[in-house]
1. State which residue pairs qualify: first residue in contact (Cβ under 8 Å) with a residue 40 or more places away in the chain and inside the stretch 70-81, second residue of a type in the set (Phe, Trp, Tyr) in any location, beta carbons under 8 Å apart, and separation of 6 or more residues or different chains.
2. Taking Leu21 as the residue in question, decide whether it is closer than 18 Å to Thr113 by Cα and either exposed (fewer than 12 other Cβ atoms within 10 Å of the Cβ) or at pLDDT 95 or above (or both).
3. Any residue at all in the stretch 85-98 that's surrounded by 14 or more Cβ atoms within 10 Å (Cβ to Cβ), aromatic (Phe, Trp, Tyr) and in a strand (DSSP E or B)?
4. Looking for whichever is part of a strand (DSSP E or B) and crowded, with 16+ Cβ neighbours inside 10 Å here; the options are Val77, Val81, Val56, Val70. Which one fits?
5. Might you let me know whether the stretch 31-52 holds any residue that is loosely packed, with under 13 Cβ neighbours inside 10 Å and touching a helix residue (DSSP H, G or I) at 6+ places or on another chain (Cβ under 9 Å)?
Amino acid sequence: MGFGLEDIARTVLPGWLYRHLGIEVGELRREFFVIEGREVEANLYGEGMLEGEKVVVIGEVRSRIYESDVDRFYHRVYVHVSRLAEARAIGVLFGYLVHPSARRRELGLHVVTAYEGSR
């Protein structure tokens, strides 16, 4: 998705993370990682703190989020980047529309819509 939605995510997600999860995070930025010779891109990446413990936020931004998008992000990005992190990893998907099938908590990911970000 275009950078417009990513800009919205960078603005509203830090507040959402703090209000809903207690995570204080600084800047969220696009980050690239080389894992086993393959480039992996995280739309959103940032370091933060949760109850005195370092955490990293790994995120994906899509205009519409379906169950397949959650699975794809989890297996192609989150699992690999979280292994590199020297801290607990928090996975977040951010979008305009979230299909009910995408709200799967068993993978440990958080799914946030643009309108929820301000709550």
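The values are calculated or read from the model by the stated rules, or taken from the named source; none is laboratory data. Source: prediction; values computed, not measured. Here Cβ is always computed from backbone atoms with ideal geometry, including for glycine, and neighbour counts include all displayed protein chains.
1. The qualifying pairs are His80/Phe33; Val81/Phe33; Val81/Tyr45.
2. yes
3. Checked against the condition, which is being surrounded by 14 or more Cβ atoms within 10 Å (Cβ to Cβ), aromatic (Phe, Trp, Tyr) and in a strand (DSSP E or B), the stretch 85-98 yields at least one hit.
4. None of the others qualify; the one that does is Val56.
5. Yes, that holds for at least one residue.
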